[in-house]
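**Student:** Right, I'll just put the structure down here and ask away after.
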Amino acid sequence: MDYYFKKELDNISFEQAIEKTTEALKKEGFGVLTEIDIKATLKKKLDVDFRNYKILGACNPGFAYKALLAEDNIGTMLPCNVIVQEKNTGSIEVSAVDPAASMQAVENDSLNVIAGEVRDKLRRMIESL
């Protein structure tokens, strides 16, 4: 089982891909709680150059609430990470974690059902790009 879904986007800028991904997440009921700019962080902390790479911490409040009720320590696996990165080919790749794959380590049937529903939403988001 893969632990993520991905799609390559051509003829789009990195910033346009961030905007398009954020909008696609909204359509599936997600908001972006965090945005981590890996390129800027690595430059600041290590003085190295890295390609455009951002991690969006996406959260669907309703599903997060259900997951927390089903498993009180599941917050260690929240939010769902979505990556927008510039590839060496110049294309932009958007990928999202498969929550069902990551939740397999947690033996909780009700949580697995929730993770499956979130997986479907994230897969639809990626496919819509």
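Every number in this text was worked out from the coordinates using simple rules, so none of it is lab data. Remember, it's a predicted structure, so these values are computed and weren't measured experimentally. With ideal geometry, Cβ positions are generated from the backbone for all residues, glycine too; neighbour counts draw on all protein chains shown.
**Student:** Out of all the residues in the range 72-123, which are crowded, with 18+ Cβ neighbours inside 10 Å, in contact with a Cys (Cβ under 8 Å, 6 or more places away or on another chain) and of a type in the set (A, V, I, L, M)?
**Tutor:** Residues satisfying the conditions are ALA96, VAL97, VAL118, LEU122.
**Student:** Just to verify a result, which residue in the range 40-71, among those that are farther than 14 Å from MET103 by Cα and part of a loop (DSSP other than H, G, I, E, B), is nearest to the chain's Cα centre (by Cα)?
**Tutor:** Going through the qualifying residues, I end up with ASN60.
**Student:** Would you tally the residues in the range 72-129 being more than 26 Å from GLU19 (Cβ to Cβ), among the β-branched types (Val, Ile, Thr) and assigned to a helix (DSSP H, G or I)?
**Tutor:** Adding up the residues that qualify gives 4.
**Student:** Follow-up question, since we're still on this one. Please go through the range 4-58 and pick out each residue that is under 25 Å from ALA115 (Cβ atoms) and acidic (Asp, Glu).
**Tutor:** Once the filter is applied, which keeps residues that are under 25 Å from ALA115 (Cβ atoms) and acidic (Asp, Glu), the range 4-58 yields GLU23, GLU28, GLU35.
**Student:** Restricting the search to the range 60-108, which residues are among the small types (Gly, Ala, Ser) and more than 26 Å from LEU9 (Cα to Cα)? First the steps, then the outcome.
**Tutor:** Start the filter on the range 60-108 by keeping residues that are among the small types (Gly, Ala, Ser), which leaves 62, 64, 67, 70, 75, 90-91, 95-96, 100-102, 105.
Those that are among the small types (Gly, Ala, Ser) and more than 26 Å from LEU9 (Cα to Cα): GLY62, ALA64, ALA67, ALA70, GLY75, ALA105.
**Student:** Kindly provide the set of residues from the range 21-68 that are over 24 Å from ARG124 (Cβ atoms), without any contact (Cβ under 8 Å) to a residue 12 or more places away in the chain and not small (Gly, Ala, Ser), ordered by number.
**Tutor:** Across the range 21-68, the qualifying residues are THR41, LEU42, LYS43, LYS44, LYS45, LEU46, ASP47, VAL48, ASP49.
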